[in-house]
Structure formats: C-alpha cells, structure tokens
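The values are calculated or read from the model by the stated rules, or taken from the named source; none is laboratory data. On a predicted model such as this, the values are computed, not experimentally measured, just so you know. Every residue, glycine as well, gets a Cβ built from its backbone with ideal geometry; the counts of neighbours run over all protein chains shown. Only protein heavy atoms, including side chains, enter the accessible area calculation; ligands, DNA and RNA are left aside. Shrake-Rupley method; radii C 1.70, N 1.55, O 1.52, S 1.80 Å.
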2 protein chains.
Amino acid sequence: MIYTITLNPAIDQLLFVKEDVQKRKTNRIVKTSWDCGGKGLHVSGVLSQFGVPNEALGFIGSQNKEQLYRILAEKRISHDFLMEDGVATRTSFVIISETSSGSIMMPEAGFHVSMANKQAMLAQIREKVTPNDMVVIAGSPPPGFTLADFEVLLKTLQHTGCFVGCDVSGDFLQLAAKRGVDFIKPNEDEIKALLADETADLEVAIRRLAKQIRYLVVSLGKDGSYCAHDGKLYRITAPQVAEKSDTGAGDCFVGAFIAGLAKQLPLSEVLKRATGCSASKVMHADSSTFSLVEAEILQEQVEIKEMSIDVI
Amino acid sequence: MIYTITLNPAIDQLLFVKEDVQKRKTNRIVKTSWDCGGKGLHVSGVLSQFGVPNEALGFIGSQNKEQLYRILAEKRISHDFLMEDGVATRTSFVIISETSSGSIMMPEAGFHVSMANKQAMLAQIREKVTPNDMVVIAGSPPPGFTLADFEVLLKTLQHTGCFVGCDVSGDFLQLAAKRGVDFIKPNEDEIKALLADETADLEVAIRRLAKQIRYLVVSLGKDGSYCAHDGKLYRITAPQVAEKSDTGAGDCFVGAFIAGLAKQLPLSEVLKRATGCSASKVMHADSSTFSLVEAEILQEQVEIKEMSIDVI
C-alpha cells in the first residue's frame, strides 16, 4: 500500500476572476470551486488518477470534515485521518485570473495538533505500515509541529522498513536528508542549502547528496530536473508548454513518480511520466488538474540524458 | 423609522495578510474575520452606531442565514429579510495588507431573486412604510433584478410618501435621478453622465440636477463633497487623514447623513458629521469600521462654504 501523510491539510477555495485583481476596483468573482489542499492530498489525487491504491493520512479538524470528505470522495481519495475536535481544517484561498498566468495562493496557518494526535499517528504507522509499503510525507507541518516531532515521525516510519519519501522544505528537508530517507525533491537553492555550500556546482552537489538518498530528484522548474539513483545521474528536459499555473506541478511529479515506482516501471519511464504529468498540470489554472492523455503526449517530448554518477 | 434596503447583501470575509499579495509566493493569512456586506447593511451599521432605530430589508439566501444573523446581531442591526430558499447569500472577499493601504475587493455575483420575493418586497413596503419614514436603497441589485424591477420598487416607495434615498450607480442611478428621489450621491463622473454632458462645469451640473433632487450630494473622494439643498450649494472640504482604505467611506457618509437628517440637525452640522465619519472610516483597513470619537475630532476640521444655488 502507498500512504501519503499530509500534516497540515487544507480545503482549497478557488476564486476565479476575469483579470488580475487590483486594489480600489471591484474584482468580480465569476466562479468558485473547491479542491482538497496540502501537497500530500494532491499526491494522493494523482495516485488515484493513475489507479494506484493509496490511503491519505494526516490531521484534520472536526468542524468542516464533511466538506473535506465530500471533496475527497469526488477525487476517489481513500483516507484515515486523525481528527482534532473543535477546530477546522484550514482554508487556502487561490485566486485564478482567467486571462493571465500564475495564481495567488493565500493559505491559512492551520491548527495546532494535540500531543494525543501526534502520538496517535505514530501508533497508526506502527499498526498499518509494513516493509513493502511506501509512505510519502508532503507539505509543511502545521504550527507547533516541531522538528523533534518530525524526527520521531521519520524514525517511526524508517523503523517499519518501508520506503519513505519526503517532499518538505527548510529544516524539515534538512532533517529528512540527514536521516537518509528514500526520496526527496529539493530545488536548486535547497540542495545547495542542504550541503551548506551556496557556490557548489549543481551536478557536484547532486552527486554528493546522492550517496545518502536512494532517489534524489532536483527540480529545476520549467527547465526539467535531475534524478540520481543507483550510481546513475539523469538529466531530464521538460517539454515547453503554455503556462497557466505551475502551482501543484511538483505534487503531480511526485504522485506520478511514486506511482511509477510502485508499478516497478524502468526509472527512465518513471521520469518521463512524472515530467509529462507535471507539464500537463502547468497548462491548467488550478492547483491539481492534469490530464493523463495530455501527459502521455507530453512525455514523448521529454528528453533524458544518462550519465554515470561517479564522473567526479 | 428608517429602513435600509440591500438588494444584494453579502457576507464580507476579510483576509488579512502581512504584505501585498503576489503570484508565485505563499501569501500567509495572518487573521480572518467576517462582516456583513452590501452598502445598505453598512449604512444600517452606521445608523445603529449612532443609536438611530433602523431596520435592514433585502433578499438573503437560506443556506448561510445563521452566519449572517450572527454578524448582524453583533452589530446590533435589526432586520426583516426576505429569504430565498436553497441559495446562499454571496461572499465578498476583502484582502487587507497590514503594511500597505487600500484593499482588494472580490465580490461574488449573488443569487437571482425569485418573482415571488420581488413581489413580497413590494407588499412589505406597502405594509410597513409610512410618510414619516426614510428609506435608503444602497448598493447594486443582484443579477436578474432589472431596471423595470427597480422602477416598480421606486414607484412603490414614492407612493408611500416616504423619504427615498438611493446610493446606486449606472442605469439605476439614472433612473433614481429621473424619478426625483430625495437623496442621491453620485461622484463627479456620474453626475456628468447623468446630465449626458461630459464637459459640463461641475458646479453648473450640480445646480442643474439640484432642481429635481432634494438632497444632492456629489462626492469628490478625499477632496470632500458638494451638497445642494433648498436653494443653497455647500462645498465641503474633508480633513486630510492617513488612508488605510477608502472602501466603505461612502456608506459611512450616507449613514451619518441620514442619521443627522433623522435627528433634524441643521444641514451644516449633518454634513460635518457625515464627513467626519467618512474620514474616520478611511483610517481603518476594513470596510465598515469607524469611531464616533475620531469622527467628532475630525468633524472640527471640516470646512463648509455656503453659496446661493441660483448664481448661474
């Protein structure tokens, strides 16, 4: 089974306007819609779209649980959340202009998770997760979820022997790298920060970090990505598409990447699919829509150059 | 009694952010709050703050009525709304940056009012309104509320013999002016459009329109206003204040103006109070907050020049 962990889920409220919003004018909303939010839930959505069985874990608030459940049911996302009483899952407002690219993301902070629920998650992992499972933690933790909490979570996961992927940032990324999880996806700035060497050559940096991470992906935005695995370094060039919004493109990549690994496809195939999905997402205005058909066409345009990792 | 009519009320959802929102970054929401929205409800709020008895009329949706009622109770606004089943009162999102001035208003369109409810409003007016009452229609009508509907509404109101004020725009303002209601508040562009003469001298335009409107106020934003009444033209200069947001300043003016008339204060006093309230509102970031104490201080700085209306 694949589990995604969203420590700070959201309900995305999408506000569509005609043009870029401005002060001192009436920016009429032409349409609103809702989506689940938080990177882990988006990853679950991609897995479900690929028909890969998965279950979303994480902390949600009791007050608006029906609304979140309704959205998840529409997206065929199975879940087993821990519920915090008397609080609401945060809303993340996304303003999308129909006539320009890029969206404005306005997330609420989210609630503090109780000690009892932090403990309950560890118990849940010990009970559910087996060495054959894959677990992906994606998205930033909520306020009050400390680095120490995150370390206990990683230890508990790694103790089960499962595959652990982490799409997180800042100190949490640093910790995930230090603990040698199976998959991380830093960007160029992040990998240099991880090595505490801002001037490092990118390929050199990847080769150094690849020693401790089984699947290391470095995302370069529209320029594609690098992936280091099993003594090989891959340079992936993404197809050029008309950008509507790159928000959520990373989640599409992660979802498709994990789906490909779960299906035991060859790595070059996995990378092509992930890059195609991510490029398809960029063509859509919201944070999670991509098309499997578009992705299949786009992945034909993905170029992969393979190098030995030990060159330097 | 004073009645306000809000044809398209809203629940204002205020989203406070640290800095001006930007695409492609995380604009963290630091606080959210709710207010009633729609100009008529803001006018009611001002009347209530002045201790002037009033009742808010209009069309609201059943789905979120409890939330709206809760907000109105907090603001001590009495109401007798007509309810549309199976729809929600629209939300108007207001993005307020803590470190800059001006807000981003993003209103939803609102629901279509049924014929039955349009009729019910006319019946309600015939039953409630007496010649001694004042009625203020403020804010744009909802989708599907036609100019013909508005004309029937005005006729029904005028037939009662009550004072009729209209803070509306576009064709609705044109109609209100044509029907010679007791109070309108166009801005400089609007009064020229009303006279179909873009090149008219402003004072000439006011003198012409004053023949058919008992209390004609022309707002000039931070430059103050004109008021024409009973053969006199007043030029009101507003105090200069540090602007946080001018949204809702007009509603403060209207509320304080109507409150003053209801209390039968001398017109120069009414204009000073209305201008003071409006200036106080400008110093606050949201759409309706002003302070009676601030307004009292500011009204001492308001200057009024009185001229005969028949000079030209």
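Observations
- Förster radius 25 Å - calculated FRET efficiency between residue B:268 and residue B:32, Cβ distance, rounded to 0.05: 0.05
- Region A:127-188 and region B:107-123: distance between their alpha carbon centers, rounded to Å: 53 Å
- Across region A:84-95, rounded Karplus estimates of 3J(HN,Hα) from the backbone phi angles (6.51 cos²θ - 1.76 cosθ + 1.60, θ = phi - 60°) give 9, 6, x, 10, 10, 4, 4, 9, 10, 8, 10, 9 Hz, Gly and Pro being marked x.
- Residues of region A:97-114 buried by at least 20 Å² of accessible area upon assembly of all protein chains, compared with the chain on its own (1.4 Å probe): A:101, A:102, A:103, A:104, A:105, A:106, A:107, A:108, A:109.
- Amide H contacts under 5 Å for residue A:103, placed H, 5+ residues apart: A:246, A:247, B:24
- Buried area at the B-A interface (accessible, heavy atoms, 1.4 Å probe, summed, Å²): 2300 Å²
- Potential lengthening of the chain between residue A:115 and residue A:241 amounts to 40.8 nm, from the contour at 0.36 nm per residue minus the alpha-carbon distance.
- Close Lys-Lys pairs in region A:1-101, where close means Cα under 29 Å and separation is 8 or more or interchain: 10
- Kirkwood radius for region B:187-312, taken over all pairs of different Cα atoms as the inverse mean of 1/r, rounds to 14.7 Å.
- Helical runs (DSSP H, four residues minimum) scored at -39500 (n - 2.57) apiece and divided by the length of chain B put the mean residue ellipticity at 222 nm at -11000 deg cm²/dmol.
- Most to least accessible of B:270, A:293, A:152 (protein chains only, probe 1.4 Å): A:293, A:152, B:270
- Carbon and sulfur %, accessible surface of chain B computed with the full protein complex present, 1.4 Å: 49 percent
- Measuring between alpha carbons in the structure, the pairs from A:128/A:178; A:178/A:222; B:118/B:185; A:155/A:178 lying more than 20 angstrom apart are A:128/A:178; A:178/A:222; B:118/B:185.
- Per the Cα gyration tensor, region B:2-308 maps to an equivalent ellipsoid with semi-axes of 28, 26, 18 Å, ordered largest to smallest.
- A:26, A:156, reordered so the largest accessible area comes first (probe 1.4 Å): A:26, A:156
- Copy-to-copy label separations for residue A:132, where each label sits 7 Å from Cα toward Cβ, in nm and ascending: 8.5
- Gyration tensor verdict on region A:46-194 (Cα atoms; rounded if a/c is under 1.5, prolate if a/b is larger than b/c, oblate otherwise): rounded
- Heavy-atom accessible area per residue - region B:2-308, 1.4 Å, Å²: 40 Å²
- Here residue B:305 is the anchor, and the aspartates and glutamates within straight C-alpha reach of less than 17 Å, apart from those fewer than 8 places off in the same chain, are B:203, B:223, B:230, B:269.
- Max mean-square fluctuation residue, GNM over chain B, Cα-Cα springs under 10 Å, options B:77, B:297, B:95: B:297
- Counting charges near residue B:88 (Lys, Arg +1; Asp, Glu -1) among other residues having Cβ under 10 Å from its Cβ returns a value of 0.
- Among beta bridges that DSSP assigns inside chain A, antiparallel share in %, nearest 5: 45 percent
- Cα shape, region A:128-192, gyration tensor, a/c 1.5 rule: oblate
- Förster radius 41 Å - calculated FRET efficiency between residue B:100 and residue A:300 (Cβ-Cβ, nearest 0.05): 0.30
- Placing a pseudo-label 7 Å from each Cα along the Cα-to-Cβ vector at residue B:20 and residue B:146 gives an inter-label distance of 4.3 nm.
- Gained length - residue A:308 relative to residue A:292, 0.36 nm times residue gap less alpha-carbon distance: 2.6 nm
- For region B:185-231, applying the loop criterion from DSSP together with a ceiling of 10 other beta carbons within 10 Å to the GluC sites (Glu not before Pro) yields B:198.
- Placing pseudo-labels 7 Å out from each Cα toward the beta carbon at residue A:156 and residue A:130 gives an inter-label distance of 2.1 nm.
- When B:23, A:39, A:118, B:211 are compared by accessible surface with a 1.4 Å probe, the order from highest to lowest is B:211, A:39, B:23, A:118.
- Taking the label point 7 Å along Cα→Cβ, residue B:266 and its counterparts in the other copies are spaced 9.4 nm apart, in ascending order.
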